[in-house]
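The block underneath contains the structure these notes are about, expressed in structure tokens.
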Amino acid sequence: MANKIQKPRGTMDIFPNDTPLWQKIENTAKDVASRFGFGEIRTPTFEELSLFKRGVGEVTDVVQKEMYTFKDREDRAFALRPEGTASVVRAIIENGKTSDAMPLKYYYLINCFRYEKPQAGRSREFFQFGTEMFGTKDPSADATVISLADTLIRELGIKNVKLHINSIGCPECRPKYREALVNYFSAHTDELCDTCKERLNSNPLRILDCKSPICSKIASGAPVTVDHLCDECSEHFEDLKKYLDAMGIEYSVDTRIVRGLDYYTKTVFEFICEGIGAQSTVCGGGRYDGLMQQLDGPALPGIGFGMGLTRIILAMKESGCADIPEARPLLYVAPLGKNAVAKSLSIVSKLRDKGVYAECDISARSLRAQMKYADKLGAKYTLIIGDSEIESGKAMLKNMEKSEQTEIEIDNIFDILKEA
Ligand code: ATP
Ligand code: MG
């Protein structure tokens, strides 16, 4: 027998019992974003491979190990997007948006693809809400983007989430810091994992991000960026804290946060939810002032974040705010016979035109089975229509909650329900 076809490892099927929660998150995200003046941007699911190599960074895990790459029929190299920022930067440059009024403020709700080991809160196709702001380097912009994420998290009812912030400096202060890191880690070369041994030369900052217990133990004693910031970065960080304070956004400075992607400068931040397991970062972001130029665009500073929706759901479950009441029909019409079916269809179609959720039997079931189904749907009212009801124009309207029946003129159903 042929093997049963299954979904690819690390992907999800989501059914209508779960989609309302996804929709709530997506709708709240869109609503919050629009209150901050961010507009939705949509870009392709796949891009030229070189965009991510250059935009995300050659020596990041994402590019080296996690990308889904493929050649098309004309042998061109593409990749499924592993994140959203590089595509947005490409789209801004390609469409000449760099001459629009600044700052540019975009958000997206996208699927991303990374070849990772699937586990709770980590999948191979995952969903992100992300924001991008370009054209301001002022720390009030950083504070605004953080406030957007904070507002969304609060509006979803998530508790137990803490904001961690850090500054990782700029090309001005990074070399000195890099030197301090290399000095520190060189004394521990033998203990480092193989990847980190390589990182020591290629990208020592990444060692701070390593998930191996030994490396992270060594990293805990490493020099921290905030002690090596230049005057400009230091002032930027102080101002950010002041602006967050002004908005009443709580945070802690966490010198271990360096973020997994290469393009960050100055501000980096994570919203962390203790209690949803090892994959606890529900939202990560920061500033990337060099990225636009790195992709051959003008020197437009940028800041943004990516929020993992699966982890947001885990956090909502943890906070007990993930239960969405199921939609219940206001009316269920139970017809008996074809004339009654015709009448039922006309009633529900008028109600649906008026924006009301209504159902009627479309399976030619027995009355008993229909009433059972109406009950299962949680219909607030039911109306039973047979041949004699069609003739008299009158039928019994049952209030399912009160178990009360009243005889009504069928054609008055709209006014009666309106009053109810
Ligand atoms: P992590 O350290 O957890 O791998 P990252 O630094 O690779 O995260 P980013 O690239 O900053 O993550 O992505 C932003 C957010 O997207 C993360 O904070 C997380 O919520 C979510 N995310 C990233 N990778 C995955 C994944 N494989 N599955 C589910 N969510 C993910
Ligand atoms: Mg990762």
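Quick look at the numbers
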{"read-out": "Accessible-area ranking of Ser216, Ser87, largest first, probe 1.4 Å", "value": "Ser216, Ser87"}
{"read-out": "Antiparallel content of DSSP bridges confined to segment 331-415, in %, to 5", "value": "55 percent"}
{"read-out": "Accessible-area ranking of Arg259, Arg76, largest first, probe 1.4 Å", "value": "Arg76, Arg259"}
{"read-out": "Theoretical gain in end-to-end length, Arg154 to Ser140 [0.36 nm per residue, Cα-Cα removed]", "value": "3.0 nm"}
{"read-out": "Placed amide H near Thr265: partners under 5 Å, 5+ positions off or other chain", "value": "Arg287, Tyr288, Asp289"}
{"read-out": "Rounded Å value of the spacing that divides the Cα centres of segment 164-243 and segment 1-26", "value": "39 Å"}
{"read-out": "Whole-Hz ³J(HN,Hα) from phi, Karplus 6.51 cos²θ - 1.76 cosθ + 1.60, for segment 108-120, glycine and proline x", "value": "8, 10, 9, 8, 10, 10, 9, 7, 10, 7, x, 7, 4"}
{"read-out": "Distance in nm between pseudo-label sites at Asn111 and Thr19 (7 Å out along the Cβ direction from Cα)", "value": "1.4 nm"}
{"read-out": "Most mobile of Asn339, Asn203, Asn111 in a GNM of the chain (Cα contacts under 10 Å)", "value": "Asn339"}
{"read-out": "Given charges at Cβ of Lys, Arg, Asp, Glu: segment 1-142 dipole, positive-most of Ala120, Val63, Pro103", "value": "Ala120"}
{"read-out": "Descending semi-axes in whole angstrom, ellipsoid equivalent of the chain, from the Cα gyration tensor", "value": "54, 23, 21"}
{"read-out": "Rg over Rh [alpha-carbon atoms, Kirkwood Rh] for segment 331-415", "value": "0.92"}
{"read-out": "Pairs from Lys4/Lys24; Lys354/Lys398; Lys30/Lys241; Lys162/Lys211 whose Cα-Cα separation, in the structure shown, is over 28 Å", "value": "Lys4/Lys24"}
{"read-out": "Heavy-atom accessible surface of the chain: percent carbon and sulfur, 1.4 Å", "value": "48 percent"}
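The values are calculated or read from the model by the stated rules, or taken from the named source; none is laboratory data. Given the structure is predicted, the values throughout are model-derived calculations rather than measurements. FYI the Cβ positions are ideal-geometry reconstructions off the backbone, even for glycines, and counts take in every protein chain you see. Heads up: the accessible areas ignore ligands, DNA and RNA and are worked out on the full protein's heavy atoms, side chains in. Shrake-Rupley method; radii C 1.70, N 1.55, O 1.52, S 1.80 Å.
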